[in-house]
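Colleague: Once you've had a glance at the structure underneath, I'll fire off some questions.
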Amino acid sequence: MIDQENLDKNIIDNELLENPADANQNLETEDASTLKENEEKEKSLEEEITQALELLKLKKLSQAEYQELYNKAFSEAENLLKADLELAKKFQNLPTADGFRSDKYKLKGDETEIKTKTKILEVEYGLKYQQAWEIQQIDDELVKETIEEACKKGELPTRGLALKIFRKKRSAENKAKKMEEKRKSFAAIHGSGVIKLDEGKYNIIYANPVYESEENDKNLTVSIDDMKKIQIPADDNAILFLWSNSTDLIASLEVITAWGFTYREHAIWDFGKAKTAELCFETRHKVLLVATKGDNLPEPKLKKASVYQERREATEVKPEYYYETIERMFPGCNFLDVFSAEPCNSKWKTLFNKDEKEKDNEEN
């Protein structure tokens, strides 16, 4: 025999316990149905236009007939999007704090919970918070942009297209924000308070920047303008090894000139995994530019092939092969690694690190 009392305590009951607002609940249920119906209608309209387009391609439908169907579907989709706009405004006005409304939900056992915004969206609208949050971003400006984009591309102004536009804009804004944060971080390191190493001390310079075109959340991205401003403590006779890529090749040559060097040759690192093509070729290599300053250069004790192959997913982290090769080429030289936070080994210094002697002087 079923124990009704225990059953009542162990199921989620959405009845209101105090100050019931049946009218509000009915409206919310109606809105939830409208939201779902709008979505289904939009999908149906998109399917209708897709099928009509196929018939047009097969010449089973004239251009005039297709245009008539498209215009009708466009108008219906536009009205549905505007209905979504009204729901978005309603979502924005839902309560966000306890005490705004006194309605409560009966939960498991004798517990109750205030009808917060998240709870209303989940229980009465059947929406996950993230989904509801995105719908709330639909405003008059986004509706206008969606209609314009749909007209331009021959699509329908649906909620899906609106959210696609919103996500793209938000992604671009987040990227711009990250880039600005990284630019400020870089400027703080290499600005007026940059660590000043002894001028004329380093005759082998190695630089592995992460260019803006290689946006990477884990590494400090560097703009070309910021790079040009760095004061490299190079000897009057020095050799520079600067990493570049197909996209930033010309800009890298400008950096070389700004640092007082002249381009001489380059080497290729084949990292084995082809990336998306910018134009004609899928990129699977990085370029190590070699430039010089002065006439009395260090003489290389070793010569190596210009192409080296080593498969690596994270291409901003170059193989240790190049550190070892440069050290063997120029034994006894003074090595400076411009962009590394920590030196590769005791033979190298970086702009981020002070000599122990300098640290001791500061402490005293």
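The values are calculated or read from the model by the stated rules, or taken from the named source; none is laboratory data. Just so you know, these numbers come straight off a predicted model, no measurement behind them. Glycine gets a Cβ as well: all are built from the backbone with ideal geometry, and neighbour counts include every protein chain shown.
Colleague: Being at pLDDT 90 or above, surrounded by fewer than 15 Cβ atoms within 10 Å (Cβ to Cβ), small (Gly, Ala, Ser) and over 15 Å from Ile204 (Cα atoms), is that true of even one residue in the stretch 305-320?
Modeller: Yes - at least one qualifying residue is present in the stretch 305-320.
Colleague: Still on this structure, I have one more. Do we find a residue being assigned by TED's automatic domain parsing to the domain that holds Trp133 and either at pLDDT below 60 or not in a helix (DSSP H, G or I) (or both) anywhere in the stretch 61-72?
Modeller: There is at least one residue in the stretch 61-72 that is assigned by TED's automatic domain parsing to the domain that holds Trp133 and either at pLDDT below 60 or not in a helix (DSSP H, G or I) (or both).
Colleague: Among the residues in the stretch 317-331, are any more than 24 Å from Thr221 (Cβ to Cβ) and in a loop (DSSP other than H, G, I, E, B)?
Modeller: Yes, there is a match, as at least one residue in the stretch 317-331 is more than 24 Å from Thr221 (Cβ to Cβ) and in a loop (DSSP other than H, G, I, E, B).
Colleague: While we're looking at this one, here's another question. What's the number of the only condition in (1) in a helix (DSSP H, G or I); (2) assigned by TED's automatic domain parsing to the domain that holds Leu45 that Glu155 fails to meet?
Modeller: (1)
Colleague: What tally of residues in the stretch 326-349 results from selecting those that are among the polar types (S, T, N, Q) and buried (at least 19 other Cβ atoms within 10 Å of the Cβ)?
Modeller: 1
Colleague: Going by the conditions given, is Ala162 out of contact with any Gly (no Cβ under 6 Å at 6 or more places or on another chain) and in contact (Cβ under 8 Å) with a residue 60 or more places away in the chain?
Modeller: Here the answer is yes, as Ala162 does meet what is asked.
Colleague: Hey, could you check the stretch 321-353 for residues that are in contact (Cβ under 8 Å) with a residue 60 or more places away in the chain and farther than 14 Å from Lys201 by Cα and say which is farthest from the chain's Cα centre (by Cα)?
Modeller: Phe330
Colleague: Another question, then. Answer yes or no: is there a residue in the stretch 249-261 that is within 14 Å of Ala207 (Cβ to Cβ), touching a Lys or Arg at 6+ places or on another chain (Cβ under 6 Å), assigned by TED's automatic domain parsing to the domain that holds Leu336 and among the aromatic types (Phe, Trp, Tyr).
Modeller: Checking the stretch 249-261: at least one residue is within 14 Å of Ala207 (Cβ to Cβ), touching a Lys or Arg at 6+ places or on another chain (Cβ under 6 Å), assigned by TED's automatic domain parsing to the domain that holds Leu336 and among the aromatic types (Phe, Trp, Tyr).
Colleague: Please list, ordered by first then second residue, the pairs with beta carbon atoms under 7 Å, 6 or more apart or interchain, first in the stretch 287-310 and assigned by TED's automatic domain parsing to the domain that holds Asn334 and farther than 16 Å from Asp236 by Cβ, second surrounded by 11 or more Cβ atoms within 10 Å (Cβ to Cβ) and among the hydroxyl-bearing types (Ser, Thr, Tyr).
Modeller: That search, which allows pairs on different chains as well, returns Val287/Ser244; Leu288/Tyr322; Leu289/Ser244; Leu289/Ser252; Leu289/Tyr263; Lys304/Thr325; Tyr308/Tyr321; Glu310/Tyr321.
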